[in-house]
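S.K.: This is the structure, below, for whatever I ask next.
The values are calculated or read from the model by the stated rules, or taken from the named source; none is laboratory data. Note that this is a predicted model, so its numbers are computed, not measured. When we count neighbours, we look across all protein chains shown, and the Cβ atoms used for this are built from the backbone with ideal geometry, even at glycine.
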Amino acid sequence: MADEMNTYFTQYGIIAIFAALAVAVPTSMLLIGWALSLLKVRPKKPSFVKNSIYECGFETITERWSQFNFRYYSIALLFVIFDVEVVFLFPWAASFGTMSEEFGLFVLGEMTVFIGILVLGWIYAWKKGSLEWS
Amino acid sequence: MSLAEIIGLFLKASLLLAFIFIVVLILTLAERKALARIQQRKGPNRVGFKGILQPFADALKLLTKEDILPASANKRIFWVAPLAVFLPGFLIWVTIPLAKDVVLANLDMGLFYITAISVLSVMGLLMAGWGSANKWAMIGGLRAAGQLISYEIPFIMAILSIGILAQSFNLKEIVDDQARWPFAIKQPLGLFIFLTAGLAELGRTPFDIHHAESEVVGGPFVEYSGAHWSVFYLAEYMNTFTIAVLTVLLFLGGWQSPTLPFSGTVHTVASLSWFLIKTALVIWVIFWIRGTYPRLRIDQLMSFGWKILVPASFINIFLTASVLYYALPDWVITVVSFGFIGAIFYFIRRGSLAGNKQDTVKIIKTSDIRAQLSNGAEV
């Protein structure tokens, strides 16, 4: 048991080391760029026009954040529902073989009902027009 | 863990990092060369022998380019966004095996870890869009978020059906399970869904609407330049490589090869090469698709994801589980899957995705053009 715990923590310790490296590498790339600008290899000549936000070559009309389409919310809501369902499917998928030997058709049937309820919701969303963009 | 072990791990991780960087450098050149070939151009051919040093020239140029911070941008979010895109794509590599024992941490829930971490890059794209305070960047960032979360569902579902077949989410065990036949034969529908959704997750053509230059002029990246932009670029090519590697691991049998007359280290190197050859083939297909297909519109993209790929992935899971439960012969999945793939292509051809009929474009066949040319028509 202690050994098992040890390997468990070792595995996630590796991820921690890796994460440190993953932060360090792009940061050092950015730092190299910054050092180059200190050494005057990389230019830094800001001006009003250069620092204004890009808008197809015109003068900037919309300052800062503008309005956006409401549909992104409904897509995000749909996603949350499906994603939670997928999380429940993971353990089911991993132990499907051993569980169906023990419980028989119940394992397959239960998940059919579970997915079926979601499919009903999906059909409802389609009929309501939540899946249409325009 | 002792100190020596930690240092050893650090060295291994650095080696993996160097490997990924070299692959990314090769990929940037390979993509430009491949696209050039498809479009009957030569591609980069000036720097070094036939343009072989082009990636280094690009890197040098990007590092010495001025890094512009827009005056109205949210400075902190703007600077951190490239890291937030890069980090999840890189963290995945902890658990990806390149050959039988070439892996940093062989997690039991490896695939679960991959799906959980990889979706975090949506955050980075949203941050880039929001931090730029530019309306194109904002729209692009939202598009990226909408697209990535829509295609996340079929992507995970395709992975789940592999989990049902292999009865494990450990990547090593999944590859061991394919010793006889690769899962592509049992799961053609799964492979189709995985590769399509994977392309959408990458934001590559034909699913690159979030940096469509003709609509949102580069999307979330519009205000970025120099070193910060290069981190985004790096992340994009790294993720392309990741998707190709995952396709090979899950569907094409990983490092499983016809029996090789080697043993020990030589065998590891040989199977690693075999694995990389398969990966290169998948990457070539991805480039080929980019050279062939035009970009989808956002409504086509969303309806393709939600109306075709999501139900298809439900069907795939149900099919796989039932065939496994009733111990039906494996060819049943193959035949039914190909039936569904045929149905999907039928719906696409019929233009059901286009919404209203006026939008459907008449498809011009190459053979028609050839026939016209041979009749002496002016083009």
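S.K.: Just for region B:135-159: of the residues that are of a type in the set (D, E, K, R) and farther than 29 Å from B:Phe318 by Cβ, which one is nearest to the other protein chains (Cβ to nearest Cβ)?
M.R.: B:Lys135
S.K.: Any chance you could count how many residues in region B:317-365 are modelled with pLDDT of 65 or more, not in a loop (DSSP other than H, G, I, E, B) and not aliphatic (A, V, I, L, M)?
M.R.: So the count comes out to 16.
S.K.: Here's another thing I want to ask about it. Tell me whether region A:69-92 contains one or more residues that are touching a Phe, Trp or Tyr at 6+ places or on another chain (Cβ under 7 Å) and facing chain B (nearest Cβ under 7 Å).
M.R.: Scanning region A:69-92 turns up at least one residue that is touching a Phe, Trp or Tyr at 6+ places or on another chain (Cβ under 7 Å) and facing chain B (nearest Cβ under 7 Å).
S.K.: Next question. From the list B:Lys12, B:Lys50, pick out the single residue that is of a type outside the set (Gly, Ala, Ser), in contact (Cβ under 8 Å) with a residue 60 or more places away in the chain, surrounded by fewer than 17 Cβ atoms within 10 Å (Cβ to Cβ) and not assigned by TED's automatic domain parsing to the domain that holds B:Phe90.
M.R.: B:Lys12
S.K.: Would you confirm whether or not region A:99-120 contains a residue that is among the aromatic types (Phe, Trp, Tyr) and crowded, with 16+ Cβ neighbours inside 10 Å?
M.R.: So far as region A:99-120 goes, no, none of its residues is among the aromatic types (Phe, Trp, Tyr) and crowded, with 16+ Cβ neighbours inside 10 Å.
S.K.: In region B:308-333, what count of residues is obtained for those that are under 23 Å from the mean Cα position of the chain (by Cα) and without any contact (Cβ under 8 Å) to a residue 12 or more places away in the chain?
M.R.: 1
S.K.: Assess whether B:Ser72 counts as being buried (at least 20 other Cβ atoms within 10 Å of the Cβ) and either touching a strand residue (DSSP E or B) at 6+ places or on another chain (Cβ under 8 Å) or in contact (Cβ under 8 Å) with a residue 40 or more places away in the chain (or both).
M.R.: No; evaluated as a whole, the condition is false for this residue.
S.K.: Restricting attention to region B:17-37, does a residue exist that is at pLDDT below 90, under 30 Å from A:Lys44 (Cα atoms) and of a type in the set (Ser, Thr, Tyr)?
M.R.: No, region B:17-37 contains no residue that is at pLDDT below 90, under 30 Å from A:Lys44 (Cα atoms) and of a type in the set (Ser, Thr, Tyr).
S.K.: Looking at region A:46-62 only, could you name the residues that are of a type in the set (D, E, K, R) and either more than 7 Å from every other protein chain (Cβ to nearest Cβ) or in contact (Cβ under 8 Å) with a residue 60 or more places away in the chain (or both)?
M.R.: Result: A:Glu55, A:Glu59.
S.K.: Taking B:Trp284, is it within 14 Å of chain A (Cβ to nearest Cβ) and modelled with pLDDT of 85 or more?
M.R.: no
S.K.: Still on this structure, I have one more. Within region B:1-13, how many residues are of a type outside the set (A, V, I, L, M) and touching a helix residue (DSSP H, G or I) at 6+ places or on another chain (Cβ under 7 Å)?
M.R.: 1
S.K.: Looking at this structure, is B:Ala116 farther than 30 Å from A:Gln67 by Cβ, free of Cβ contacts under 8 Å to residues at least 60 places away in the same chain, at the interface with chain A (Cβ under 7 Å from one of its Cβ atoms) and surrounded by fewer than 22 Cβ atoms within 10 Å (Cβ to Cβ)?
M.R.: No.
S.K.: In addition: What residue, among those in region A:8-44 that are among the basic types (Lys, Arg) and at the interface with another protein chain (Cβ under 7 Å from one of its Cβ atoms), is nearest to B:Ile68 (Cα to Cα)?
M.R.: A:Lys44
S.K.: So how many residues does region A:75-104 have that are more than 30 Å from B:Ser322 (Cβ to Cβ) and at pLDDT below 85?
M.R.: Final tally of qualifying residues: 0.
S.K.: List the helices (runs of 4 or more DSSP H) that sit entirely inside region B:189-304 and contain at least 3 residues that are crowded, with 21+ Cβ neighbours inside 10 Å.
M.R.: B:226-251, B:264-292, B:298-303
S.K.: Please state which of the following conditions B:Pro44 fails to meet, knowing it meets all the rest: (1) away from chain A (no Cβ under 13 Å); (2) under 27 Å from B:Ile153 (Cα atoms); (3) surrounded by fewer than 21 Cβ atoms within 10 Å (Cβ to Cβ).
M.R.: All conditions pass for B:Pro44, except number (2).
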